[in-house]
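What follows is a single structure, written as structure tokens, with notes after it.
The values are calculated or read from the model by the stated rules, or taken from the named source; none is laboratory data. What you see is a predicted model, and the numbers here were worked out from it, not measured in a lab. Backbone-built Cβ (ideal geometry, glycine too); neighbour counts: all protein chains shown. Side chains included, ligands, DNA and RNA excluded: accessible areas come from the protein's heavy atoms. Shrake-Rupley method; radii C 1.70, N 1.55, O 1.52, S 1.80 Å.
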Amino acid sequence: MNSKPNNRYQRQIQLKEIGQEGQDKITQAKVLIIGAGGLGCPALQYLAAAGVGTIGIVDFDVVELSNLQRQILYNLDDIGKPKATTAAGKIKALNHDIKIETYNFQITNKNALEILENYDLIIDGTDNFATRYLVNDACVILDKPLIYGAVLRFEGQIGVFNYSNFETNIKTNYRDLFPKPPDSNSAISCNDVGVLGVIPGIIGTMQATEALKIICGIGKPLANKILSYNALENIFYDFEIAGNENSNSDFPKNKAEFLAFNYEWFCNANFDVETISIEEFDTIRKQETITIIDVREIGELPVVDEFSFLHIPLSELEDKISTLSTENKIVVYCKSGQRSAKAVQLLKEKLPNSQIFSLDGGVEAWKNNN
Amino acid sequence: MEINLLAFGQIAEITGKSAWKISGIKDTNALIQDLEKQFPHLVKTNYSIAVNKKVIQENTAINENDTIALLPPFSGG
């Protein structure tokens with residue numbers, strides 16, 4: 001077996017659109033993948049295989065059993081391990097010649113600019129609106145192309161933001177398509193509604209394709225466009241995005257405004273949810289009878305056996321509200337506190353007279369404290 | 001005057017269909033009103049509207065055989 005670089009990349013150098021010149025560009029390219037999940041795994045795999053010289057991976061999460069259905073870099077032995085370093089190990093084994101940087105922490109407006117600055121191209125593989133708006137805005141401020149992808153059920157979206165195809169100088173971004181995040185009640189993430197595993201496989205692979213096109217300067221990247229894919233109906237439909245004046249109002253326009261912007265708040269702007277701290281929760285559950293509801297999906301970690309609770313995944317909550325006792329205080333928890341906040345809002349609408357709280361920081365914070 | 005409607009993601013879930021035809025609608029504001037009356041859940045849902053594949057921001061006239069697509073944001077990754 002010959003592992004000389006030229007042999008490794010022969011099949012793509014053979015393409016006249018790429019050639020040795022394109023391969024050199026790929027070797028020099030620096031690509032950051034934010035989120036090593038359903039979208040990030042296939043994108044990482046193909047970009048490493050193609051020889052992208054520097055790959056950055058941002059993810060603060062650990063591998064869970066329920067990830068394996070779609071996050072194809074991981075296997076059973078990886079459960080409980082951090083995703084960023086685990087993914088880095090897998091792609092390093094695939095290609096020793098590339099440099100990999102890992103960021104085993106959450107991307108925030110405080111650290112985003114520093115990280116993104118080091119890369120030519122950003123791939124959005126995140127799973128929540130707050131981070132999507134944050135990454136979008138950071139790319140606009142730093143003038144970096146952003147390859148966006150998102151999935152839901154049997155559908156996916158992909159687009160290239162903040163990049164012009166040279167047909168025009170216009171560079172549009174996520175806020176030109178969706179100036180405001182969805183109402184928290186309508187915000188659906190993968191955890192809540194499910195997704196067919198191959199959908200992020202397809203969209204993440206397309207994100208890698210767009211990245212290679214932009215790096216090599218070939219073809220027509222999806223600039224100023226969103227392509228929507230529906231697997232059940234076999235429909236690909238594209239949307240042309242024009243600049244949107246409405247998107248400018250809330251937009252952090254410079255580094256200082258970006259650092260001061262509260263993305264969690266922006267994406268839950270209609271929230272009126274009472275939270276309960278870990279300490280308060282531990283006190284009241286020992287002193288009175290309360291109803292505790294776990295709204296995570298079945299099989300999510302960590303397992304809770306320290307106290308008793310009702311397990312009603314958020315997706316089933318609306319149908320099961322009538323079965324809840326309204327006599328006691330209700331505390332709802334999920335993994336990190338986002339879904340439980342949605343659940344509290346839902347419960348409040350149907351049970352306006354009950355005292356309902358979301359466990360601040362979720363079961364992860366509780367486990368860390370206990 | 002018939003127009004074609006395409007719905008994606010949650011919009012298709014709310015309307016119960018991903019492609020259909022309607023008539024008697026002259027512009028996008030009238031379309032939104034009509035849809036929200038038929039499907040009250042749409043009031044709380046945000047989505048972009050494209051007329052013949054171009055995302056619009058303001059009320060836009062609709063002509064015979066135009067295709068109007070309704071695209072909600074997704075967050076899953």
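Tabulated values for the structure
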{"read-out": "Share antiparallel - DSSP beta bridges, chain A, percent rounded to 5", "value": "40 percent"}
{"read-out": "Other protein chain Cβ atoms within 10 Å, averaged over every residue that makes up A:197-204", "value": "1"}
{"read-out": "Residue-wise HN-Hα coupling along the stretch B:32-39, computed from phi with Karplus coefficients 6.51, -1.76, 1.60 (Hz; x: Gly, Pro)", "value": "4, 4, 4, 5, 5, 5, 6, 10"}
{"read-out": "Shielding by partners - mean other protein chain Cβ count within 10 Å, residues of B:63-75", "value": "6"}
{"read-out": "Surface accessible to a 1.4 Å probe, per residue, for the residues of the stretch A:278-370, Å²", "value": "50 Å²"}
{"read-out": "Rg ratio (alpha-carbon, reference 2.2 N^0.38 Å) - chain B", "value": "1.02"}
{"read-out": "Three semi-axes of the equivalent ellipsoid, the stretch A:317-365, Cα gyration tensor, whole Å, largest first", "value": "19, 11, 9"}
{"read-out": "Amide H contacts under 5 Å for residue A:225, placed H, 5+ residues apart", "value": "A:160, A:241"}
{"read-out": "Neighbour-limited loop hits for GluC sites (Glu not before Pro), chain B (at most 11 other Cβ within 10 Å; DSSP other than H, G, I, E, B)", "value": "B:58, B:64"}
{"read-out": "Karplus-derived 3J(HN,Hα), 6.51/-1.76/1.60, for each residue of the stretch B:9-14, Hz, glycine and proline x", "value": "x, 4, 5, 5, 5, 5"}
{"read-out": "Karplus 3J(HN,Hα) series, Hz, for the stretch A:321-335 with 6.51 cos²θ - 1.76 cosθ + 1.60 (x for Gly, Pro)", "value": "4, 5, 7, 7, 6, 9, 6, 9, 5, 10, 10, 10, 9, 9, 6"}
{"read-out": "Candidates A:304, A:52, A:273, ranked by Gaussian network fluctuation over chain A, Cα under 10 Å, top entry", "value": "A:304"}
{"read-out": "Placed amide H near residue A:56: partners under 5 Å, 5+ positions off or other chain", "value": "A:31, A:32, A:33, A:101"}
{"read-out": "Separation in nanometres of the label points that stand 7 Å from Cα toward Cβ, at residue B:61 and residue A:169", "value": "3.2 nm"}
{"read-out": "Where A meets B: accessible area buried, both sides, 1.4 Å probe, Å²", "value": "2900 Å²"}
{"read-out": "Charge dipole magnitude, Cβ of K and R +1, D and E -1 - chain A, Cα centre, debye nearest 20", "value": "1200 debye"}
{"read-out": "Highest-MSF residue in chain A out of A:347, A:152, A:15 [GNM, Cα springs under 10 Å]", "value": "A:15"}
{"read-out": "Cα gyration tensor, the protein assembly as shown - rounded (a/c under 1.5), prolate or oblate", "value": "oblate"}
{"read-out": "Of all accessible heavy-atom area on the protein assembly as shown, the percent that carbon and sulfur account for (1.4 Å)", "value": "49 percent"}
{"read-out": "Gyration tensor (alpha-carbon) shape descriptor, the stretch A:119-227, a/c threshold 1.5", "value": "oblate"}
{"read-out": "Exposed trypsin sites (Lys or Arg not before Pro) absent - longest run of chain B, DSSP non-H/G/I/E/B, at most 14 other C-beta within 10 Å", "value": "B:27-52"}
{"read-out": "For B:46-56, mean number of other protein chain Cβ atoms within 10 Å", "value": "5"}
{"read-out": "Amide H within-cut-off set for residue A:235, under 5 Å, with H built and near neighbours excluded", "value": "A:230"}
